[in-house]
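The values are calculated or read from the model by the stated rules, or taken from the named source; none is laboratory data. What you are looking at is a predicted structure, and each value in this text was computed from that prediction instead of being measured. Every residue, glycine as well, gets a Cβ built from its backbone with ideal geometry; the counts of neighbours run over all protein chains shown. Just so you know, the surface numbers come from the protein's heavy atoms only, side chains and all, with ligands and any DNA or RNA stripped out. Shrake-Rupley method; radii C 1.70, N 1.55, O 1.52, S 1.80 Å.
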Amino acid sequence: MNLRKNPSSFHVKIGYVLLCFLLGYSCKPVQKQETVTKVKQKPNILFIAVDDLRPELNFYGAAHISSPNLDALAAESLVFDRAYCSVPTCGASRASILTGTRPTRYRFLTHDVKVDEEIPEAVTLPELFKANGYTTISNGKVLHHKNDRQKAWDEIWRPENATTKYLTEENKSLIAVPNQRGNPFESSTANESEYLDGQIATKGIADLKKLKASGKPFFLAMGFMKPHLPFNAPQKYWDTYPIEKIHLPESYQQPKTTPSKAFHGFGELRSYHGVPKKGPVSDDMAKKLIQGYYACVSFVDAQIGRVLQELETSGLAENTIVVLWGDHGWNLGEHQLWCKHCTFETSLHSPLVIKVPGKTKGNHVSNITEFIDVYPSLAELAGLEVPENQLEGESFVSLINNTPEKRQKNYAISKFKDAVTIIQGNYFYTEWTDHKGTAYARMLFDHSTDPMELDNLAEKATHQDIAKEMAKVLREKWGASFLVNTIATTEAE
């Protein structure tokens, strides 16, 4: 603009400069203010799976197990007091949570499940994040098979030797024999870095440093192996739990009112050296197994703590949602059972905590929650659109936002082989059904009066109305495709 051709404007400018000079003000030209819009940063996801983890932790009220790092995480999280897996076996449970879909009579049946084979059309949770610009990394045991759904990940890493690594000469000699396993437990003075979970934690720490440098949002999955059998942990963790203080559970019995189908021979444990092939284990072995399980929980707690410390040190914690879950429960002698593979509370109930920076503060919720609710919840928190006609869970973000009235869901469905269970209110109701959905055995427990599940009410005259109602609701909630052989349909196509 030529000021000499616009004398009015020119005189105004000169007047402003003279006034500034006389008053002693700076007469820098007035700059036009620019409006700066801050782009909201996508939240990172740290997705931690722990194999065979029971809700037997301090933050759930179990003072006899040392888990300071999990306790510290829970103190900054929303803690789900009633979270249930879809299937009490590792491969099926992981396939269910990562696809957000339920098991059916034909799908997600065993530990050996592959998403690529049983539900290839599904968009897995990490795939959703990857498609939205996230770097996705799988460390350790996330899905059961390392090579399953490879396209979901930018990187997949596992330590060698799967879930089993022995460090003592005795066990090394045992496994040197073809088709022979070692003992179901081991203690040693080896460095923690020699254990699989120590290696997984180290890899996760390195990844966090790398991911911070990249500046991209990430979905980092950490699948820790313990406390899965064998119960191998450094001696110092075993020393935390003197054997003389270990006791068998009060429910170390199999009541005659409970269907025989509810019990199993815990073949997973019997495959280890020194475990009897039939009948109960000795009381001494039972206590040793409990001691070993506790030791492994404390050991994996320490490894998770290392990763969480790096998250804090790096500054990433301020924008990282942390989800920690156990893939299912585990029996430590309850009903004289070991391992999982049943529909008692001890197999279906597992820890679930979620830390959302700025929102969660250690509160507990008693709302019944299913693991398939995790997928839609993380998607909502990250502002991502979910795949159409796939997810069967319901977001629990309203619980995080402290608006529980917005969540109507009040049940969970779990299944193992022919047994399918609905959990609603204080009731645990299970039916063993055939391919038509007809029940041939059932059990009903009221946790308000029988939390150890020792009194089956399903055949008692006093509870027939309740059993009938639970059977009706079970069929309404178990999923539209429960009796449909989707596996056969997929293979035929």
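Whole Å is fine, so just give me how far the alpha carbon centre of the stretch 363-414 lies from that of the stretch 190-242.
28 Å
Which value in nm describes the separation of the simple spin-label points at Asn426 and Thr313, placed 7 Å from the Cα toward the beta carbon?
4.9 nm
With a 1.4 Å probe and every protein chain left in place, work out the accessible area per residue of the chain in Å², rounded to a whole number.
Each residue of the chain exposes 45 Å² on average to a 1.4 Å probe.
So what's the back-of-envelope 222 nm ellipticity for the chain, counting only DSSP H runs of four-plus at -39500 (n - 2.57) apiece and dividing by all residues, rounded to 500? Provide the component values of the computation, followed by the final result.
On the way: 15 runs with 149 residues, N = 493.
Helix-only estimate at 222 nm: -9000 deg cm²/dmol.
Rounded if a/c is under 1.5, else prolate if a/b is larger than b/c, else oblate: which is the stretch 381-421, with a ≥ b ≥ c the root eigenvalues of its Cα gyration tensor? Walk me through the numbers on the way to the answer.
Values: a/c = 3.20, a/b = 1.46, b/c = 2.19.
It is oblate, given that a/c is not under 1.5 and a/b is not larger than b/c.
Mind pulling the angle between the C-alpha long axis of helix 464-477 and the longest principal axis of the chain? Nearest 10 degrees, somewhere in 0 to 90.
For helix 464-477, the angle is close to 50 degrees.
With +1 assigned to the C-beta of every Lys and Arg and -1 to the C-beta of every Asp and Glu, and no other charges, what is the dipole magnitude of the chain about the Cα centre in debye, to the nearest 20?
Magnitude of the dipole: close to 1900 debye.
Just need log10 I(q)/I(0) for the stretch 359-493 at q = 0.09 Å⁻¹, Debye formula, equal scatterers on the alpha-carbon atoms, no solvent, rounded to two decimals.
Listed by q, the Debye log ratios stand at -0.35.
Quick one: if you take sqrt(5λ) for each eigenvalue of the C-alpha gyration tensor of the chain, what semi-axes come out, biggest first, whole angstrom?
So the three semi-axes of the chain are 50, 29, 22 Å.
If we sort 370-379, 452-461, 425-434 on the protection proxy, mean other Cβ atoms within 10 Å, highest first, what's the order?
Numbers: 370-379: 24.4, 452-461: 16.5, 425-434: 20.2.
The peptides rank, most packed first, as 370-379, 425-434, 452-461.
Which shape class applies to the stretch 385-458: rounded if a/c is under 1.5, otherwise prolate when a/b exceeds b/c and oblate if not, where a ≥ b ≥ c are the square roots of the Cα gyration tensor eigenvalues?
It is oblate, given that a/c is not under 1.5 and a/b is not larger than b/c.
Cα gyration tensor of the stretch 329-399, axes a ≥ b ≥ c as square roots of the eigenvalues: rounded (a/c below 1.5), prolate (a/b > b/c) or oblate? The partial results should precede the final answer.
Working: a/c = 3.29, a/b = 1.72, b/c = 1.91.
Oblate, because a/c is 1.5 or more while a/b does not exceed b/c.
I need the phi-derived Karplus couplings for the stretch 337-348: 6.51 cos²θ - 1.76 cosθ + 1.60, θ = phi - 60°, integer Hz, Gly and Pro marked x.
Rounded to whole hertz, the list is 10, 10, 6, 10, 6, 7, 10, 6, 3, 5, 8, 8.
Taking the Cα centre of the stretch 234-282 as the origin, how large is its charge dipole in debye, to the nearest 20, when only Lys and Arg (+1) and Asp and Glu (-1) carry charge on their Cβ atoms? Walk me through the numbers on the way to the answer.
Numbers: 7 positive and 4 negative charges, 58 e Å.
Dipole of the stretch 234-282, to the nearest 20 debye: 280 debye.
For the stretch 276-421, give the magnitude of the charge dipole about the Cα centre (Cβ charges: +1 Lys/Arg, -1 Asp/Glu; no others), in debye to the nearest 20.
460 debye
Answer with one residue from Asn69, Val113, Asn58: the one whose Cα lies farthest towards the positive end of the charge dipole of the stretch 57-121, charges on Cβ with Lys, Arg +1 and Asp, Glu -1.
The residue sitting farthest along the positive end of the dipole is Val113.
Put +1 on the Cβ of every Lys and Arg and -1 on every Asp and Glu Cβ in the chain; which of Thr104, His247, His264 then has its Cα farthest towards the positive end of the dipole?
Projecting each Cα onto the dipole axis, the largest value belongs to Thr104.
Determine the alpha carbon to alpha carbon distance for each of Lys130/Lys212; Lys261/Lys406; Lys256/Lys278; Lys236/Lys288 and list only those over 27 Å.
As for pairs spanning more than 27 Å Cα to Cα, those are Lys261/Lys406.
Could you give log10 I(q)/I(0) at q = 0.17, 0.21, 0.24, 0.25 Å⁻¹ for the stretch 237-324, computed by the Debye formula over C-alpha point scatterers of equal weight, without solvent?
Relative scattering, expressed as log10 I(q)/I(0), comes to -0.88, -1.07, -1.22, -1.26.
What order, most packed first, do the peptides 347-358, 191-202, 173-184 have when packing is the mean number of other Cβ atoms within 10 Å of each residue? It would help to have the intermediate numbers written out before the result.
Values: 347-358: 22.2, 191-202: 19.8, 173-184: 14.2.
Taking the mean over residues of other Cβ atoms within 10 Å, the ranking is 347-358, 191-202, 173-184.
If I compute solvent accessible area with a 1.4 Å probe over the protein chains, what percent of it on the chain is carbon and sulfur?
Values: 11560 of 22360 Å².
Summing carbon and sulfur atoms, their accessible area is 52 percent of the total for the chain.
Using per-residue counts of other Cβ atoms within 10 Å, averaged over each peptide, order 338-346, 106-114, 93-101 from highest down. Before the final figure, lay out each step's value.
Working: 338-346: 25.0, 106-114: 19.0, 93-101: 27.7.
The densest-packed peptide leads the list: 93-101, 338-346, 106-114.
Work out from phi, with θ = phi - 60° and the Karplus expression 6.51 cos²θ - 1.76 cosθ + 1.60, the ³J(HN,Hα) of each residue of the stretch 202-211, listed in order in whole Hz, and give x for Gly and Pro.
Computed from phi, the couplings for the stretch 202-211 are 4, 5, x, 4, 4, 5, 4, 5, 5, 5 Hz.
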